[in-house]
1. Report in % the part of the accessible area of the chain that belongs to carbon and sulfur, leaving out ligands and nucleic acids; probe 1.4 Å.
2. For region 106-153, what number results from the quotient of the Cα radius of gyration and 2.2 N^0.38 Å?
3. Pairwise over distinct Cα atoms, reciprocal of the mean inverse distance: report the Kirkwood radius of the chain in Å, one decimal place.
4. Output the 0 to 90 degree angle, nearest 10, between the alpha-carbon long axis of helix 21-51 and the longest principal axis computed from the alpha carbons of the chain.
5. State, as an integer percentage, the relative contact order of the chain based on alpha-carbon contacts under 8 Å between residues 6 or more apart.
6. With Cβ to Cβ distances under 14 Å as the rule, what net charge do the other residues near F254 carry (K, R +1; D, E -1)?
7. If you take the Cα Rg of region 57-214 and divide it by 2.2 N^0.38 Å, with N the number of residues, what do you get?
8. For K304, list the aspartates and glutamates whose Cα falls under 17 Å from its own Cα; do not include residues on the same chain fewer than 8 positions away.
Amino acid sequence: MEKANQSVVSEFILLGLSHSQNLQILFFLGFSVVYVGIILGNSLILVTVTFDSCLHTPMYFLLINLSWNLSFLDMWLSSFATPKMIRDFLTDRKIISFGGCMFQIFLLHFTGGAEMVLLVSMAYDRYVAICKPLHYMTMMSRQTCIKLVLISWVIGFLHSISQVAFTVNLPYCGPNEVDSFFCDLPLVIKLACMDTYVLGILMISDSGLISVSCFLLVMISYTAILLSVRQRAAGSVTKALSTCSAHIMVVTLFFGPCIFIYLWPFSRFSVDKLLSVFYTIFTPLLNPLIYTLRNEEMKTAMKKLQNQVVTFH
């Protein structure tokens, strides 16, 4: 048993998105711009929510807290692998240490799991605000908001630590090439020097379960919203449909790849790398645009903050 638990692999080789030199240069430029956009967009939300006192009221407490946490998680979700991927586009040998690989798996499942639960909370918030406006302040109190945020972080941590605890103790004694731009759980498990089929099914079922269950809860909330406003004035229906369709698009781009990858973990497809890009890079870029920057209160707060900065200078 002691011998089986000793891993001789000290590093992994990431095969990246492409072996073409021209494509890697193109990817380097493109993903650099996207990553800067992610950091700037989410940082703007964090700064606005933190320093605008007008948003620190009971009416906006849930909005600012969920928005702040979503932006914070998006920055980490996009940063666990993207900076290294961008740097690797300029190198021929893409290497990551064993500890770095395990840390990537931990961060991915921690931030990803927490964000999934947080998106459910945001969908539920929209449901209460639109379908039960008279009870909103009671149902979505400060205590409720804090509980929802804490639950998302706790579930994300427990989900992540359960994945890493099993993965780090597997024996790795030979193959060390990961066919992706980061250490993806299904790919790393396959490199262990033992039969990991049953263990892999259990571990990946955990990821699949949290992805599918959260996605269904989000879709149920938005379906209930659309059914509720269907009998109202045409303007209300149009506004609700516009909001829900934008949210559903982002949710699908985030949950869809996760569900696809973790429902067929041992059958790798050529589109898996592309799907990984969607939920680790493009979704953190879209979330600020869809969930926060379209909100009138947030846009007003940002304009006020901009005017204060201009006046100060």
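The values are calculated or read from the model by the stated rules, or taken from the named source; none is laboratory data. Treat the numbers as computed from the prediction; the structure is a model and nothing was measured. Counting neighbours? That spans all protein chains shown, and the Cβs are built from the backbone with ideal geometry, glycine included. What goes into the accessible areas is simple: the full protein's heavy atoms, side chains included, and nothing from ligands, DNA or RNA. Shrake-Rupley method; radii C 1.70, N 1.55, O 1.52, S 1.80 Å.
1. 69
2. That works out to 1.28 for region 106-153.
3. Answer for the chain: a Kirkwood hydrodynamic radius of 21.0 Å.
4. On a 0 to 90 degree scale, this one is about 40.
5. Value for the chain: 26 percent.
6. Result for the local shell: -2.
7. Normalised Rg, Cα atoms only: 1.25.
8. Once the sequence-local aspartates and glutamates are set aside, what remains near K304 is D52, E296.
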